[in-house]
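Here is the structure we will look at.
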Amino acid sequence: PHKKLGNIKVPLDYTLKGYNLMKNLEIHDGDIYVCTFPRSGSHWLLYIITLITWGEEPTKDTLKECYFVAGATYNDEDVKQAKSPRLFWSHFPYQYSPFNQQNLDKLKCIYLARNPKETVVSLYSLWKTASNGERYNPGTWNEFLERFMEGKNMFGHWNDHVSGWWHHRHDSNVMFLWYEDLKKDFDNTVIRIAKFLGYSLTTMQLSVIKEKTSFNNMKATKDGKIVSFTSNEAYFRSGSNETWKDYFTQEQALKFDQLVPFPYDYKEK
Ligand code: A3P
């Protein structure tokens, strides 16, 4: 079961009121918008950004105060009065931005994308294993994969999602990132993120961020759940780029490469 906002399938707990809240919101200096296709590493990036900008790890309280998911319902005043920098986050494609264009242009936007093969496996595993099919039943792997290739899962087609932001990668307020870069070259990628947000990091700060946001650390976080519907242990599944090989048959991989090509190669440095 999903719900629709416009033409986009969204989680059941999203509301039109929540979605509209950000449309005409007054943007404050330093406000940040993080956008991803689900399971592309949003929580990792959000932790990193929080450590860069707030200088501290998010807690349940600070998350509630300053961290807003577009589509979920909030009290308008809480959002308006939240302490700066506010962190907005969504899975909506560029074409369905929860902000109007004028507001979007005022935000510092970071888009994070990941190898779609690993993304679809991560998504499938989340619904199948981590939530035991209770939240959404993904069906069989093959059924889920077919739906993904047709763009029939939540938040639209992966290709549209990524290309929507790719077209804006040179906008001065947009940074386009790959999960793979965070994995391969964490230090320099985090330095780039900090610079984009107007912060510089000492070597010490960088190593604290690296330590606190390591996969093992995030998976083992015992201080409160990072997501509400499953354990941190289950949500942070493998943090790898390779597990798709255990899921895709050769035939499925060939078809997938045709329909959802991984555009990492055309990345510009
Ligand atoms: P896997 O299922 O492949 O492990 P999101 O937060 O957007 O839902 O993305 C979740 C994916 O990001 C999960 O992928 C999760 O393990 C991975 N991830 C989260 N924190 C990570 C980290 N510190 N290092 C590597 N991967 C991480």
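Would you please give the FRET efficiency between ASN241 and ASP105, computed as 1/(1 + (r/R0)^6) with r the Cβ-Cβ distance and R0 = 35 Å, to the nearest 0.05?
0.60
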Label point 7 Å beyond Cα of SER163 along Cβ direction - residues of the stretch 88-118 with amide nitrogen under 16 Å:
93-96, 116
Students often get this wrong, so check it: of LYS152/LYS195; LYS3/LYS184; LYS17/LYS106, which have C-alpha atoms separated by over 25 Å?
LYS152/LYS195; LYS3/LYS184
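Using the beta-carbon distance between LYS3 and ASP185 and R0 = 35 Å, what value does 1/(1 + (r/R0)^6) give for FRET efficiency, to the nearest 0.05?
Plugging the Cβ-Cβ distance into 1/(1 + (r/R0)^6) gives 0.35.
Kirkwood hydrodynamic radius of the stretch 11-102 from all distinct Cα pairs, in Å?
13.5
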Can you put TRP89, TRP158, TRP54, TRP141 in order of Cβ neighbours within 10 angstrom, beginning with the fewest?
TRP54, TRP141, TRP89, TRP158
Length gained when the stretch GLU56-ASN20 is fully extended (0.36 nm per residue, less Cα-Cα span):
9.9 nm
Relative to the compact globular guide of 2.2 N^0.38 Å, what is the alpha carbon radius of gyration of the stretch 65-198, as a ratio?
1.18
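Hand me the trypsin sites (Lys or Arg not before Pro) from the stretch 143-191 located in a DSSP loop with no more than 13 other Cβ atoms within 10 Å, in residue order please.
Sparse-neighbourhood loop trypsin sites (Lys or Arg not before Pro): LYS152, ARG169.
Bear in mind that the values in this text are calculations on the coordinates, not laboratory data. None of the values given here were measured: they were computed from a predicted structure. As a convention, Cβ positions derive from the backbone with ideal geometry for all residues, glycine included, and neighbour counts pool all protein chains shown.
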